[in-house]
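Everything below concerns the one structure shown next.
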Amino acid sequence: SPWFTMVARRLMDDDLIKLRQLRRRMTMLEDQLRRNEHIWSGFRGIEIDMVGSHSFGELLNVLSDGILKTFHHVECVTITCLDPEYELTRLLEGVEEHSALDKLFVPLGAETVAGLYRKPYRPWLGQFDAASHGALFPGVSGVGSVALAPLVFKGQLIGSLNQGSKNTSHFVSHA
């Protein structure tokens, strides 16, 4: 009957549309999986190199250089830490590359660090805001988006690993 044929065609068309949507979704998930594998693999390599560091300054350089070399569109990296007694700052004073480390290591006050995150401490991705993020990237201009990862020790926020990109949409949350 023509009615049955029309209904069957419509059901088949609906099924084809759903199948195409599922295939597109599957392709998007596969792409995201590849990106996540690249990120995981990159950080795994950096972690291995960090284990071989012989000093705090070398550790900071390994972390920064590793991120900049591994991840495209990341143009700047800083590490901010609470350093109320200036212990970390003194550790870096004797390092040959002290001036380069000045841009990488950013000691901040407790209020500034506390203002970066709320409990529970989780990484944050988004647009760069000069008022909120300017102190994290001293002397750096043109930052468009940032990825901030909290550094927590014994449940206390002690700092942040900060990555900046000129691309305003590079660090966006896909959650």
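The values are calculated or read from the model by the stated rules, or taken from the named source; none is laboratory data. Computed from a predicted structure; not experimentally measured. When we count neighbours, we look across all protein chains shown, and the Cβ atoms used for this are built from the backbone with ideal geometry, even at glycine. Areas reflect the complete protein model, heavy atoms only, side chains present, ligands, DNA and RNA absent. Shrake-Rupley method; radii C 1.70, N 1.55, O 1.52, S 1.80 Å.
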Only one of these conditions is not met by residue 137: (1) open to solvent by 70 Å² or more (accessible area, probe 1.4 Å); (2) touching a strand residue (DSSP E or B) at 6+ places or on another chain (Cβ under 6 Å). Which number is it?
(1)
Scanning the stretch 1-57 residue by residue, the ones that are of a type in the set (S, T, N, Q) and within 19 Å of residue 72 (Cα to Cα) total 3
Let me confirm something: among 148, 136, which residue is under 17 Å from residue 67 (Cβ atoms), under 13 Å from the mean Cα position of the chain (by Cα) and not acidic (Asp, Glu)?
148
Just a yes or no: is a residue in the stretch 7-23 β-branched (Val, Ile, Thr), under 21 Å from residue 151 (Cβ atoms) and in a helix (DSSP H, G or I)?
no
Restricting attention to the stretch 83-102, does a residue exist that is open to solvent by 70 Å² or more (accessible area, probe 1.4 Å), more than 23 Å from residue 157 (Cα to Cα) and modelled with pLDDT of 85 or more?
no
So in the stretch 51-60, with the set limited to residues that are assigned to a helix (DSSP H, G or I) and open to solvent by less than 40 Å² (accessible area, probe 1.4 Å), which one is nearest to residue 137 (Cα to Cα)?
60
Could we say that residue 39 is more than 13 Å from the chain's Cα centre (by Cα), of a type in the set (Val, Ile, Thr) and either open to solvent by 80 Å² or more (accessible area, probe 1.4 Å) or more than 28 Å from residue 90 (Cα to Cα) (or both) here?
no
Taking the stretch 140-175, which residues are surrounded by fewer than 13 Cβ atoms within 10 Å (Cβ to Cβ) and either at pLDDT 95 or above or in a strand (DSSP E or B) (or both)?
153, 156
Could you please let me know if residue 27 is surrounded by 10 or more Cβ atoms within 10 Å (Cβ to Cβ) and either in contact (Cβ under 8 Å) with a residue 24 or more places away in the chain or under 26 Å from residue 114 (Cβ atoms) (or both)?
no
Farther than 25 Å from residue 148 by Cα, open to solvent by 60 Å² or more (accessible area, probe 1.4 Å) and outside any strand (DSSP E or B), is that true of residue 65?
no
Could you figure out which of (1) touching a Pro at 6+ places or on another chain (Cβ under 6 Å); (2) surrounded by 19 or more Cβ atoms within 10 Å (Cβ to Cβ); (3) among the aromatic types (Phe, Trp, Tyr) isn't true of residue 117?
(2)
